[in-house]
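Single-structure report; data block below.
No lab work stands behind these numbers, since they all come straight from the coordinates. None of these values were measured; they are calculated from a predicted model. In this analysis, Cβ positions are derived from the backbone assuming ideal geometry, glycine residues included, and neighbour counts consider all displayed protein chains.
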Amino acid sequence: MEYERPIATVDIVTLTLKDGALHVALYPRAKPPFEGAHGLPGGYVHVDEDANLDAAARRVLRDKALLKGVYLEQLGTFSGATRDPRGWSISAAYVALLPQERIKGALLAKADPVPRKLPFDHGAIVKAALARVRSKSVYSTLPTFLMPAEFTITELRDVYRIVLGIEKIDLAGFRKKILDLRAIEPVEGKMRTGVHRPAQLYRRVVKDIALFDRTI
């Protein structure tokens, strides 16, 4: 007896910072359904090419968003008979974080509130991605993947505030916590100058996230 096979896809929530807020990168769909609408980059799993779901997600990011070497983690599975007009479908959703300057050819939409009228169930996927990033940022270095190549600790602290949606994080305590992890290092001989006194520039040195001993 033959059974109908579900559609298997991956969808990626690509988050970045713009104008002091988290934004999601949306791309125009080239084919039906929802042709021309902006949504998350996604695509079918290629069983003859993709070693696993992570490989499928990285291929989609490379081919549809022109992105390589970004932080990527699996978010969860979204499935059902009505989420895709083409039939019963399963989507492995991922979340990626990167600085704005690396994103090209995308519409950047404020992620909270979730953009309206996204195709499929992309709105629910974006909402789940925001919850994941916020909960994980409380106890890890996840927000460092939103930073440019070089940044000050004050700038990093402010990114944590934006991601977590809180008004104040003690700078001295944050500095000690982030430096103790050795997840970032000073850029020798480089300072940020301006109206305030010069500040040391840092860069991220670990490819994965590191965990704090206590929450922010």
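For Lys18, the amide hydrogen comes within under 5 Å of the amide hydrogens of His23, counting only partners 5 or more places away or on other chains and with H modelled in the peptide plane. Computed extension gain for Ser79 through Val47, at 0.36 nm per residue and net of the alpha carbon distance, reaches 9.6 nm. A Cβ-based charge dipole, computed about the Cα centre of the chain with Lys and Arg at +1 and Asp and Glu at -1, lands at about 680 debye. Assuming charge only on the beta carbon of Lys and Arg (+1) and of Asp and Glu (-1), the dipole of the stretch 142-204 about its Cα centre is about 80 debye to the nearest 20. Among the trypsin sites (Lys or Arg not before Pro) found in the stretch 81-180, those both in a DSSP coil and sparsely packed, with 15 or fewer other Cβ atoms within 10 Å of their Cβ, are Arg86, Lys104, Arg116, Lys117, Lys168.
Restricting the GluC sites (Glu not before Pro) of the stretch 142-199 to loop positions (DSSP other than H, G, I, E, B) with no more than 16 neighbouring Cβ atoms within 10 Å leaves Glu150, Glu167. Under 5 Å between amide hydrogens, built in the peptide plane, is the criterion, and for Ile103 it picks out nothing among residues at least 5 positions away or on other chains.
Charge tally for Ala51 (other residues, Cβ to Cβ under 14 Å; Lys, Arg +1; Asp, Glu -1): -2. Counting only residues at least eight positions apart within a chain, or on another chain, the lysines with an alpha carbon under 29 Å from that of Lys207 are Lys18, Lys64, Lys68, Lys104, Lys110, Lys127, Lys136, Lys168, Lys176, Lys177, Lys190. What does a probe at Ile169 reach in the stretch 115-143, counting residues whose amide N is under 12 Å from the point 7 Å along Cα→Cβ? The answer is 134-143, whose backbone nitrogens lie closer than 12 Å to the label point.
Here the Karplus relation 6.51 cos²θ - 1.76 cosθ + 1.60, evaluated at θ = phi - 60°, turns the backbone of the stretch 25-38 into coupling constants of 8, 10, 10, x, 7, 8, 9, x, x, 6, 4, x, 6, 8 Hz, with x for every Gly and Pro. In this structure, the amide hydrogen of Thr152, modeled 1.01 Å from its nitrogen in the peptide plane, lies closer than 5 angstrom to those of Tyr202, counting only residues at least 5 positions away or on a different chain. Quick one: if the Förster radius is 22 Å, what FRET efficiency do Gln200 and Ile162 give, using the C-beta to C-beta distance and rounding to 0.05? Once the sixth-power term is evaluated, E becomes 0.55. Computed from phi, the 3J(HN,Hα) profile of the stretch 101-118 under the Karplus parametrisation 6.51, -1.76, 1.60 (θ = phi - 60°) reads 5, 8, 8, 10, x, 10, 8, 8, 10, 4, 7, 9, x, 4, x, 7, 6, 6 Hz, with x in place of Gly and Pro.
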